[in-house]
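Taken together, the values in this text are just the output of simple stated rules run on the coordinates, not laboratory data. Quick caveat: nothing in here was measured; it's all calculated off a predicted structure. For neighbour counting, all protein chains shown are included, and Cβ atoms are generated from backbone atoms with ideal geometry for every residue, glycine included.
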């Protein structure tokens, strides 16, 4: 059956125009900026590893659904829809700039006999394909477990199939709503603003959408019973929240929507129709307007701000590297999104702790303070270290090669200062603000002092064999196994936070134990610093990630056996 379905899909794709199929394949492989890739990059393998991570998330999500209490079906449905909309929104923000063509697209595709509508359709289908693969991977397990659980509430034997259809229709509709909403925002902004101003505000809009999706997900109230949904004080929240709209749509298709909540489903259908029409019209008009201005106007304007207003961040080289890293993160789409993904975990932990602090009275220092702050520090520092390996452009690396006037140890020291400023310092500030809620304050801020040393340890570990300038090395996706690294790092973070948390909690009650803990941590920091300092003295900066050449002997030919030595016979011998 699967073979016949695959053949039907192949026949359907073959009936599409060839120019559309070629453009769709090229745009789908350009999820990552090609200018930052090495020649040995394997993009399909990289995307497959990313899908594997999502599939593992789906099994964890299905386990969470399985252990949920069926006495609150509305809460379970709201949780599933909210989580799916969060993931769909984040993936849509990741592919923010993939809808509009860049200068290279216009220069290459402009002279060809291609219509703008064909390019737009290919880009839309490429982004939708990436989003569809992510949704299928993420819902592979909960898409079956949730209908099995919720289908038990139906008296009919067809309850499972009805809930299954309602689940997938709702998830597709919610994803399409968020996807078209972001496209509508981009299309309207490109129509109303000048092209250069649109490019300047596009990055800000991208981060705003990212923050809005996370904020709504964590601060939205969870209404799990029918009386809570019908309460008058909750009607305004439900009227403004798309998650509740599609909750009503799910129950309408499922056949279990109360008449008092029918307006939620109607609002979901209306909003979906509006954003689909708005995305189509605004993008079609913006393509007709923007395509010409991409060539006529530059992407960036010369800045008028002066570097004299910037604070001193150390020596001239340290200030230059730190400023280069900051501007690389703020100006590059892929770096903004990668950093936002890492910091979204930090933000989620901070928001959950902030909600707990706002609701409760001051409480004693416990693992509720120690473990989350350690995980925040790990995600911030190691996530930033991983971001340093993602380059801006390989074509621009020659500028740093020819301008290397300092020894390598100065560049590594500048990278250390950047990790401390951008990775360690914000987490320390946020943790210090949360620690004020815990008592006694002496123990709380003793933990902040240990957290600072722990951050320095992570910084020194991140510098192991990092003999390069941040953002100036080539990127080889597919070379490493992302699934093993991701889940291995997650397991290591949890084990580190648990072990350090338990030991530190016991050490806070005794001054001698706390002094031993701080002394050992300081010794580790100094030892790692000395090791990196010695290594930096003989290190050489490198800019290219080149895979080692491996010569494999196939053994297809057999060498004839060497002839045995013969002794010549001499007459008379």
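Structure values in brief
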{"item": "Calculated P(r) of region 316-545 - Cα pairs past 22 Å, %", "result": "55"}
{"item": "Pairwise FRET efficiency - residue 317 versus residue 235, Cβ, R0 = 45 Å, nearest 0.05", "result": "0.15"}
{"item": "Length released on extending from residue 429 to residue 348, taking residue separation times 0.36 nm less the Cα-Cα span", "result": "27.6 nm"}
{"item": "Simple spin-label estimate for residue 531 and residue 406 in nanometres, 7 Å along Cα-Cβ", "result": "2.4"}
{"item": "Linear extension gain, residue 284 paired with residue 212, 0.36 nm per residue minus alpha-carbon span", "result": "23.3 nm"}
{"item": "Residue order, fewest to most beta carbons within 10 Å, for 367, 138", "result": "367, 138"}
{"item": "Sorted by Cβ density within 10 Å, fewest first, the residues 497, 513, 127", "result": "513, 497, 127"}
{"item": "Centroid-to-centroid separation of region 320-357 and region 200-233 [C-alpha atoms, Å]", "result": "20"}
{"item": "Neighbour-count order for 371, 495, fewest beta carbons within 10 angstrom listed first", "result": "495, 371"}
